[in-house]
1. Out of (1) within 25 Å of residue 27 (Cα to Cα); (2) surrounded by 13 or more Cβ atoms within 10 Å (Cβ to Cβ); (3) at pLDDT below 95, the odd one out for residue 192 is which?
2. With respect to the numbered conditions (1) more than 9 Å from the ligand (Cβ to nearest atom); (2) surrounded by 18 or more Cβ atoms within 10 Å (Cβ to Cβ); (3) in a helix (DSSP H, G or I), which one is the sole condition not fulfilled by residue 167?
3. Based on this model, can you work out whether residue 73 counts as surrounded by fewer than 17 Cβ atoms within 10 Å (Cβ to Cβ), within 15 Å of the ligand (Cβ to nearest atom), over 24 Å from residue 187 (Cα atoms) and at pLDDT 95 or above?
4. From the list 61, 37, 7, exactly one residue is more than 22 Å from residue 81 (Cβ to Cβ), in contact (Cβ under 8 Å) with a residue 12 or more places away in the chain and under 16 Å from the mean Cα position of the chain (by Cα). Which is it?
5. How about the range 181-200: which of its residues are more than 29 Å from residue 165 (Cα to Cα) and either in contact (Cβ under 8 Å) with a residue 12 or more places away in the chain or part of a helix (DSSP H, G or I) (or both)?
6. Of all the residues that make up the range 93-107, how many are without any contact (Cβ under 8 Å) to a residue 40 or more places away in the chain and either within 16 Å of the ligand (Cβ to nearest atom) or touching a strand residue (DSSP E or B) at 6+ places or on another chain (Cβ under 7 Å) (or both)?
7. Quick check on residue 189: is it over 23 Å from residue 135 (Cα atoms) and touching a helix residue (DSSP H, G or I) at 6+ places or on another chain (Cβ under 8 Å)?
Ligand code: NDP
């Protein structure tokens, strides 16, 4: 049990990659807390986590709202007694070519993906600094490293997460808190399910390993970064993409 007696908070944890990360951590002994916007899938995933014999607190939190984030973190600390790990996973896409992208499309993606990551990181950092130990992992994307047509907003948000990760890693390094990012390629979730079949086919052909990744591929990378094995790794961006971005 690599995470026995630890508490992990996963944003956007009700489904997709976040859910898989929470399940992987619970299997390694962690109690978990989930922030998400939709109460039904949140309660369903919390039940699955409890079925593994761990405590789980699901809190309805919109990560773009600083007050909700701060109150949510306080609730997690109150109910679970500690907080060792934050996974900034909540994220959305609102794709469109630059010249047709409206302000609302830009603002919403930047608000959830980047500002949400900042707000949650700030909220837990205060606690982790006092504790002199913590692990923060944010889910970026290879799109933040190499760009993608039709995703100017998403690419900017994910590149922003990478800059944020490195700055905060430098701020917190001397206090026992590591801060890293994962840059997944294309992973089979509802986010990519929305792509047309032809686009998925073309993508799979472009990936050296020949297939889209599974949420568990990202979950295992996250597990490594929060484990004792990664104690000397901070400010790193771990690419999990079947070779797509090399
Ligand atoms: P999903 O859309 O499957 O899940 C995202 C979760 O985040 C949902 O439960 C969603 O809630 C929740 N969420 C959305 N907005 C908010 C908010 N404001 N506050 C709290 N929770 C919110 O996405 P994935 O699992 O595919 O992606 C997870 C992360 O991984 C994202 O950051 C994404 O950008 C990143 N990523 C994904 C890749 C992929 O190929 N799938 C590739 C690279 C990176 P609801 O369902 O109610 O909207």
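1. Answer for residue 192: the failing condition is (1).
2. Of the numbered conditions (1) more than 9 Å from the ligand (Cβ to nearest atom); (2) surrounded by 18 or more Cβ atoms within 10 Å (Cβ to Cβ); (3) in a helix (DSSP H, G or I), the odd one out for residue 167 is (2).
3. Working: surrounded by fewer than 17 Cβ atoms within 10 Å (Cβ to Cβ): no; within 15 Å of the ligand (Cβ to nearest atom): yes; over 24 Å from residue 187 (Cα atoms): yes; at pLDDT 95 or above: yes.
When the stated conditions are applied, residue 73 does not pass them.
4. Details: 61 fails: more than 22 Å from residue 81 (Cβ to Cβ); 7 fails: more than 22 Å from residue 81 (Cβ to Cβ).
Answer to the check: 37.
5. Result: 197, 198, 199, 200.
6. Restricting attention to the range 93-107, the residues satisfying the condition of being without any contact (Cβ under 8 Å) to a residue 40 or more places away in the chain are 99-100, 102-104, 107.
In the following step, the residues that additionally are either within 16 Å of the ligand (Cβ to nearest atom) or touching a strand residue (DSSP E or B) at 6+ places or on another chain (Cβ under 7 Å) (or both) were identified as 104, 107.
The number of residues fulfilling the criteria is 2.
7. On the way: over 23 Å from residue 135 (Cα atoms): yes; touching a helix residue (DSSP H, G or I) at 6+ places or on another chain (Cβ under 8 Å): yes.
Criteria met by residue 189.
Yes/no per residue for (1) surrounded by fewer than 24 Cβ atoms within 10 Å (Cβ to Cβ); (2) at pLDDT below 95; (3) within 27 Å of residue 155 (Cα to Cα):
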position	(1), (2), (3)
64	yes, no, yes
80	yes, no, no
115	yes, no, yes
120	no, no, yes
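The values are calculated or read from the model by the stated rules, or taken from the named source; none is laboratory data. Every value quoted in this text rests on a predicted model; they were computed, and no experiment measured them. For neighbour counting, all protein chains shown are included, and Cβ atoms are generated from backbone atoms with ideal geometry for every residue, glycine included.
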